[in-house]
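Structure first, then comments.
The values are calculated or read from the model by the stated rules, or taken from the named source; none is laboratory data. These numbers come from a predicted model, not from an experiment. Please note: Cβ atoms are built from the backbone with ideal geometry, for glycine as well, and neighbour counts cover all protein chains shown.
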C-alpha cells in the first residue's frame, strides 16, 4: 500500500470511530420526554378527615343554660347518641363540646331539622371556652355559626363574655361583604347588642327544604380567621379574634383555640358526619 492510500485508509478509520463515539454519547443521554408517572407528593395525598363523633358521646362535655358544664353528658336526654347521628330532642338550651381544644382546622357537619315549631335555631360552635364558669347564658364564650333556615352562616359573637372580632360588611348593614366587592372594615363587640354578623348574600339563604340535610363548614386559622361555608357557598368571615381582658369589656389577648361544639336551642335537630381535618399554622 503506497503512502497516499495509507493516509486515505487511516482517515476513513478515524471518521468511522468518531461517528460511533458520537452516536453512543447521544444514546446515553437521559430521555427528557419520558412519560413515567411523577413521584407522589404531600399535595397529592388523600385529605385526612377524622371523625369527631364516633357513635357515642365519650369525647364530649355538655353545657346547659343555668347549670354550666356538668359531668353527665347524657343528662336530660337532650343529646342522644345514635349509631350514625346525634339526635337532639326538644329540651334545655345547651351544647356538647369536644373535651380537647382545637386551633387550626377545617370542621364540617351535616344537619337537618326534625319536627317543625319554634325558632328552628341551633349552631356549630368554635373557640368554645372549656374552662368557663358561666351558667347564666346559653353558651360559654364562643363563636356560634347559625343554622337558622332564613340565615344559615350568620355569626353570633356568643355570650357577653366575648369574643371580639373583625370583618367586612356592606355599608349601612351588618351583612358580610368581601373587601374586593366593596365591603368596609367593621370591628364587632359582644358587648354591643350581642353582635350578629349576618351572612352573605343575606337576601339569598341557601338552605334545603325542611327535613333534608344541609352541610355547614368552618375553616379556622387560630385567632386569625374563621371562614363559613354553607352548602358549598362561602357565606361569612370573621377575623382578628380577641378575648376580653379579665373583668373588662375591652379586647385582650388573641383567642387562638377552643372546643368545637354542637348546639341545642330547644328544637329537634339531627347531626351526622361531624368531622375534622387538621390544618398547618
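The single condition from (1) more than 23 Å from residue 74 (Cβ to Cβ); (2) modelled with pLDDT of 95 or more; (3) not in a strand (DSSP E or B) that residue 119 fails is (2). Filter the range 200-213 down to the residues that are under 27 Å from residue 85 (Cα atoms) and at pLDDT below 80 and list them by number. Passing the criteria: only 205. State yes or no: is residue 180 surrounded by fewer than 18 Cβ atoms within 10 Å (Cβ to Cβ), modelled with pLDDT under 95 and part of a strand (DSSP E or B)? Criteria not met by residue 180.
Where strands (runs of 3 or more DSSP E) sit wholly within the range 32-103, none has at least 1 residues that are touching a strand residue (DSSP E or B) at 6+ places or on another chain (Cβ under 7 Å), farther than 28 Å from residue 213 by Cβ and at pLDDT 95 or above. If you filter the range 54-67 down to residues that are more than 12 Å from residue 97 (Cβ to Cβ) and surrounded by 11 or more Cβ atoms within 10 Å (Cβ to Cβ), you find that the one that is nearest to the chain's Cα centre (by Cα) is 54. Taken over the range 216-258, the residue count meeting the criterion of being surrounded by fewer than 15 Cβ atoms within 10 Å (Cβ to Cβ) and either touching a residue at least 40 places away in the same chain (Cβ under 8 Å) or touching a helix residue (DSSP H, G or I) at 6+ places or on another chain (Cβ under 8 Å) (or both) is 1.
Check whether at least one residue in the range 150-162 is over 24 Å from residue 88 (Cβ atoms), buried (at least 18 other Cβ atoms within 10 Å of the Cβ) and at pLDDT below 85, and report yes or no. Looking for residues that are over 24 Å from residue 88 (Cβ atoms), buried (at least 18 other Cβ atoms within 10 Å of the Cβ) and at pLDDT below 85, one finds at least one in the range 150-162, hence yes.
When you go through 135, 100, 88, 128 one by one, which is the residue that is out of contact with any helix residue (DSSP H, G or I) (no Cβ under 6 Å at 6 or more places or on another chain) and under 24 Å from residue 47 (Cα atoms)?
Selected residue: 100, the only one of 135, 100, 88, 128 that is out of contact with any helix residue (DSSP H, G or I) (no Cβ under 6 Å at 6 or more places or on another chain) and under 24 Å from residue 47 (Cα atoms).
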